[in-house]
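Q: Have a look at the structure that comes next, please.
The values are calculated or read from the model by the stated rules, or taken from the named source; none is laboratory data. If you're wondering where the values come from, they're calculated on a predicted model, not measured in any experiment. Methodologically, a virtual Cβ is constructed for each residue, glycine included, from the backbone with ideal geometry; neighbour enumeration extends over all protein chains shown. The area values use the complete protein model at the heavy-atom level, side chains included, leaving out ligands, DNA and RNA. Shrake-Rupley method; radii C 1.70, N 1.55, O 1.52, S 1.80 Å.
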Amino acid sequence: MLNAEYYPVKIEKKWVEFWDKNKTYKTPNESDKPKYYALSMFPYPSGKLHMGHVRNYTITDVIARFKKANGYNVLHPMGWDSFGMPAENAAIQHGANPKTWTLDNIDYMKKQLKMLGLSVDWDREVATCKEEYYKWTQWLFIQLYKKGLAYKKEAPVNWCEECATVLANEQVIDGKCWRCDSTVTKKNLQQWFLKITDYAEVLLDDLEKLTGWGDNVKTMQANWIGKSYGTILKFKVKENENLEIPVFTTRPDTSYGITYLVVAPEYKDIEKLTTPENKEKVEAYRENAKRMSEIDRLSTERVKTGVPLGTHIINPFTGRVCPIWVADYAIADYGTGAVMAVPAHDSRDFDFAKKYNLPIIQVINNEGYDPNKVFEEEGYLVNSGEFDGMNNEEAKKKITEFAEKNGFGHSKVQFRLRDWLISRQRYWGAPIPVVYCEKCGCQPVPDKDLPVKLPTDVDFSVQGKSPILTSKTFLETTCPVCGGKATRESDTMDTFICSSWYYLRYADAKNDNAPFDKKLVNKWLPVDQYVGGIEHAILHLLYSRFFTKALRDIGLLDFDEPFSNLLTQGMVLKDGSKMSKSKGNTVDPDEIFATYGADTARLFIISDSPPARDFDWSDAGVEGCYKFLCRVYRLYSKYQDKIKLDYKLPASLTKKDEALVREVNLGIKKITQDIENEFQFNTVVSKYREITNSIYEYIRDESDINYEVLSFALLSLLKLISPVAVFMSEEIYQTLGGSGSIHNLDWPKCDETKLEQNNITLVVQVNGKIRDKIETTTGKTNEELTELAVNSEKTKPFISGKTIVKTIVVPNKIVNLVVK
RNA sequence: GCCCUGGUGGUGAAAUCGGUAGACACGUUGGACUUAAAAUCCAAUGAGGCUAAUACCCUCGUGCCGGUUCAAGUCCGGCCCAGGGCACCA
């Protein structure tokens, strides 16, 4: 028996246990059905779920359940991105063990996810911090190393003092650490890198294949990869014939206007280029630039400064001798680290030339040229010898060709993307599996010795260095090649490595012999629908694409893009701003589950806004959704004795029956379409409400109810709402005597023949303005409809005394009379 | 500066192809039920005008200006604003 009223908390607890015990959501690898892989970005086990998680996982879960009901074998897994700083900080601040802290959090959050009612196959759960997972992270690193895609070098790297570790370029946001928001400085260090730049071209080109991704994400990635076409020009140094300075430029057409050259403070040949009398000044300048924080250095507000080196280059086009300066507006690791300066046609060069009184030579002319301002527009060449008069786009090609012919230049494609710095001087990550032997150098750890386990004898309280270095057992080891003394690498990997392949592991999560079976991974991947936050538009999504391509080239899998369709869900807001602890506007999912139940939370979080847009949480909105579920529930409890699971719609229906049958079929059609089309759950929910309203209208006159029709309506609604109200629908279905789980039933089909309608509203327009609405029947000819329109009393005043010059008829909808 | 996304009632929003703008809700107001309240059910609700009237009718209305069309939230051209991304990238 169903209760008279809806008590979600009791119901939900019961079904969580039932589904767990019966493994209702177990996904077999073998199936006759087509596969569908629905994936949420896995959570960091920070302690508790927040509403962003609830939104993310509810969206994916509704999709997974919908696809399952539509005949797919659905893979819907979940796991934990469980390495990273917060666990280590907890260890430092509260003396906790990072492992215990993390595993406890996973336990708690897993319970919450189950309470949320996700249709997850928990047998495939992964946690990146577990040995059976990071063993394979290490193994994959070694494959990349063997392929030449992982290398170690000394480089100026981004250093976060607060986290006492280096950061990848992608993790520096506005010159600040992505995690702790403190200022990032530069430091020269020996670090491990992954050669993502080898894939720059294909990562950019393949964005075109990703038709199921939003343009916003694709352009963000394209901008980040930053391809530009230009020219390398090489300049001879007047004072030193053995030296040559190459520059990268996108404006070779302005080469005749070069008046000086700039090198970055970190430029490799800078000492050789400095004359003794300038040495002191240059050194001081470089020291200062080094100390400057990334933010100050990159600020576009800051006035550019520099000092001359005392040496000169010769412009090969003009023979002009131009001074070489060091200036911090040149970047060491982009292009060649040296820039040719054309003050007339580059705003940075222009400002610099004005400040230091360097000459300005115009070489591009066009309307609007003003010698007192920089001119960066298109034009034709002047003061450029044989190229005078040429259109500047044309001149880019011709001048590059000229340089190439004469041996001082060539065209060049330049990317902004840098190699991915993956070393972290932290404890809670996967150790980089290499050892250093005095004789044999850097050697990868052999497969049989994996995983390289994290040591437990560490002191987390040390400052300024990795806690791993305090271990007495970790560092010393033997060389796998010669058996001699060797030292382990003490850096761990960036956690983004762990999350760059987890979606592959779900295909074969328990494999002890390989990260995954190739057949299984090729069967399940690519992911059909990936759902997660926009904040990963560059970091995680770019890294994962790179990993997939690299692993394909290594031969571990056969596809080249991991995620066919990507849905980036909007943020959850409260009172107009993002929910955050510091603002104090968070809503705890546990409290919502306890008061209203997870079904209400699920319904509400998909109801008001389309998934991609930001969603404003309101207490009144939750209340409204709860009331709606109560309203739905009451229908079933009231008619539980009358509902027939094996109903049969009568052959002939009364008008009232027909209207309800039509409304339900229309609902089936619309809901199905809206889910398939961009997952417009907000309109799906409004259709649930419309169907419910229609059923209430139907039962208002209790003396006139056909229970076959009512059963049809109620059971259709129950299945339609089941992907959202997962607990309530199960409770009702099984209490009514349904066999098995409602979540294994097929999706209802729309009976198109029941959509036909006899009565229509004909809209009559005169010159496009609505003048009348006439109730009539379908099947009238255009002439008959026009007749109705012309004879309408309301229309007459607008056409009398005028001639109808044209009549447009949209069958069964509109007649528009054009009058003059 | 460049790129992306968006702009519709008091609020969240809807509107497959250009064809009844504001579905469905939240809120508000009124009514029914009740000793009363809550809950529930029913109804009204873009703005302005006309009016005794919340009836009928008229005008205006999807950021702004213009265009195409019998007909524009939707298509085209030019702007404005908000949010996000990138940025001394040569």
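Q: What are the residues in region A:197-254 that are part of a helix (DSSP H, G or I) and either within 7 Å of RNA strand B (Cβ to nearest atom) or hydroxyl-bearing (Ser, Thr, Tyr) (or both), if any?
A: Passing the criteria: A:Thr197, A:Tyr199, A:Asp215, A:Asn216, A:Thr219, A:Met220, A:Asn223, A:Trp224, A:Thr254.
Q: Right, A:Asp447: open to solvent by 10 Å² or more (accessible area, probe 1.4 Å), within 21 Å of A:Leu189 (Cβ to Cβ) and away from RNA strand B (no atom under 16 Å from the Cβ) or not?
A: No, not satisfied.
Q: While we're here: Among (1) within 11 Å of RNA strand B (Cβ to nearest atom); (2) open to solvent by 70 Å² or more (accessible area, probe 1.4 Å); (3) farther than 30 Å from A:Thr672 by Cα; (4) without any contact (Cβ under 8 Å) to a residue 40 or more places away in the chain, where does A:Ser792 come up short?
A: Only one criterion in (1) within 11 Å of RNA strand B (Cβ to nearest atom); (2) open to solvent by 70 Å² or more (accessible area, probe 1.4 Å); (3) farther than 30 Å from A:Thr672 by Cα; (4) without any contact (Cβ under 8 Å) to a residue 40 or more places away in the chain is unmet by A:Ser792, namely (2).
Q: To continue, here is another question. Within region A:553-576, can one find any residue that is of a type outside the set (Asp, Glu), under 25 Å from A:Val685 (Cα atoms), at pLDDT 90 or above and part of a helix (DSSP H, G or I)?
A: no
Q: Exactly one of (1) within 13 Å of RNA strand B (Cβ to nearest atom); (2) at pLDDT below 95 is unmet by A:Tyr260. Its number?
A: (2) is the only condition that A:Tyr260 fails.
Q: Output the residues belonging to region A:534-555 that are open to solvent by 10 Å² or more (accessible area, probe 1.4 Å) and either over 20 Å from A:Thr128 (Cα atoms) or more than 12 Å from the chain's Cα centre (by Cα) (or both).
A: Correct list: A:Ile534, A:Glu535, A:Ile538, A:Arg552, A:Asp553, A:Ile554, A:Gly555.
Q: Could you grab me the full set of residues in region A:443-483 that are over 19 Å from A:Tyr134 (Cα atoms) and aliphatic (A, V, I, L, M)?
A: Matches in region A:443-483: A:Val458, A:Val462, A:Leu469, A:Val481.
Q: Of the residues that sit in region A:373-391 and are touching a Phe, Trp or Tyr at 6+ places or on another chain (Cβ under 7 Å) and among the small types (Gly, Ala, Ser), which one is least open to solvent (accessible area, probe 1.4 Å)?
A: A:Ser384
Q: Any residue in region A:459-467 that is of a type in the set (A, V, I, L, M, F, W, C) and open to solvent by less than 30 Å² (accessible area, probe 1.4 Å)?
A: no
Results for (1) open to solvent by 40 Å² or more (accessible area, probe 1.4 Å); (2) within 12 Å of RNA strand B (Cβ to nearest atom); (3) out of contact with any Lys or Arg (no Cβ under 8 Å at 6 or more places or on another chain); (4) part of a loop (DSSP other than H, G, I, E, B), shown as yes or no for each residue.
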residue: A:Lys642; (1), (2), (3), (4): yes, no, yes, yes
residue: A:Thr672; (1), (2), (3), (4): no, yes, yes, no
residue: A:Phe679; (1), (2), (3), (4): no, yes, yes, yes
residue: A:Thr692; (1), (2), (3), (4): no, yes, no, no
residue: A:Ala713; (1), (2), (3), (4): no, no, yes, no
residue: A:Lys719; (1), (2), (3), (4): no, no, yes, no
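Q: Suppose we filter A:Val339, A:Val326 for residues that are part of a strand (DSSP E or B), within 7 Å of RNA strand B (Cβ to nearest atom) and within 17 Å of A:Gly306 (Cβ to Cβ); which single one remains?
A: Just one listed residue meets the conditions, A:Val339.
Q: Can we say A:Ile605 is at pLDDT 90 or above, in contact with a strand residue (DSSP E or B) (Cβ under 8 Å, 6 or more places away or on another chain) and more than 10 Å from RNA strand B (Cβ to nearest atom)?
A: yes
Q: If you check A:Tyr267 against the conditions, is it in a strand (DSSP E or B), under 27 Å from A:Thr197 (Cα atoms) and within 14 Å of RNA strand B (Cβ to nearest atom)?
A: In short, no.
Q: If you take the residues in region A:158-175 that are within 16 Å of RNA strand B (Cβ to nearest atom) and charged (D, E, K, R), which one is farthest from A:Ile422 (Cα to Cα)?
A: A:Asp174
Q: So A:Val342 ticks every box in (1) open to solvent by less than 10 Å² (accessible area, probe 1.4 Å); (2) within 40 Å of the chain's Cα centre (by Cα); (3) over 23 Å from A:Gly407 (Cβ atoms) but one. Which box is left unticked?
A: Here A:Val342 meets the rest and fails (3).
Q: Now a separate question. How about region A:287-312: which of its residues are modelled with pLDDT under 90, surrounded by 15 or more Cβ atoms within 10 Å (Cβ to Cβ) and not small (Gly, Ala, Ser)?
A: Result: A:Lys290, A:Met292, A:Glu294, A:Ile295, A:Arg297, A:Leu298, A:Lys304, A:Thr305.
Q: Quick test of your reading of the structure: A:Leu103 fulfils all but one of (1) aliphatic (A, V, I, L, M); (2) at pLDDT below 95; (3) open to solvent by 40 Å² or more (accessible area, probe 1.4 Å). Name the failing condition by number.
A: Exception for A:Leu103: condition (2).
Q: Taking A:Gly52, is it under 26 Å from A:Thr456 (Cα atoms) and in contact (Cβ under 8 Å) with a residue 24 or more places away in the chain?
A: no
Q: Suppose the filter is surrounded by fewer than 16 Cβ atoms within 10 Å (Cβ to Cβ), away from RNA strand B (no atom under 13 Å from the Cβ), more than 26 Å from A:Leu653 (Cα to Cα) and of a type in the set (A, V, I, L, M); does A:Val724 pass it?
A: no
Q: Shifting gears a bit: Suppose we filter A:Asp215, A:Asp206 for residues that are open to solvent by less than 20 Å² (accessible area, probe 1.4 Å), over 30 Å from A:Gly407 (Cβ atoms) and of a type in the set (Asp, Glu); which single one remains?
A: Just one listed residue meets the conditions, A:Asp206.
Q: Out of region A:456-513, which residues are over 23 Å from A:Ser40 (Cβ atoms) and of a type in the set (Val, Ile, Thr)?
A: Result: A:Thr456, A:Val458, A:Val462, A:Ile468, A:Thr470, A:Thr473, A:Thr477, A:Thr478, A:Val481, A:Thr487, A:Thr492.
Okay, residues lined up against (1) of a type outside the set (Asp, Glu); (2) surrounded by 21 or more Cβ atoms within 10 Å (Cβ to Cβ); (3) under 25 Å from A:Gln171 (Cβ atoms):
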| residue | (1), (2), (3) |
| --- | --- |
| A:Pro8 | yes, yes, no |
| A:Asp61 | no, yes, no |
| A:Asn70 | yes, no, no |
| A:Gly79 | yes, yes, yes |
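Q: Of all the residues that make up region A:17-59, how many are among the charged types (D, E, K, R) and open to solvent by less than 20 Å² (accessible area, probe 1.4 Å)?
A: The qualifying residues number 1.
Q: So which residues in region A:630-640 are near RNA strand B (Cβ under 10 Å from one of its atoms) and either within 19 Å of A:Glu12 (Cβ to Cβ) or at pLDDT below 90 (or both), if there are any at all?
A: A:Cys630, A:Arg631, A:Val632, A:Arg634
Q: Let me ask another. If a residue has to be surrounded by 13 or more Cβ atoms within 10 Å (Cβ to Cβ) and either touching a residue at least 40 places away in the same chain (Cβ under 8 Å) or more than 9 Å from RNA strand B (Cβ to nearest atom) (or both) to count, how many in region A:797-806 make the cut?
A: 3
Q: For region A:757-779, name all the residues that are open to solvent by 60 Å² or more (accessible area, probe 1.4 Å), near RNA strand B (Cβ under 8 Å from one of its atoms) and part of a loop (DSSP other than H, G, I, E, B).
A: Within region A:757-779, just A:Asn767 meets the criteria.
Q: Here's a follow-up. State which residue is farthest from A:Leu710 (Cα to Cα) when the search covers only region A:655-670 and only residues that are open to solvent by 70 Å² or more (accessible area, probe 1.4 Å) and more than 9 Å from RNA strand B (Cβ to nearest atom).
A: A:Lys655
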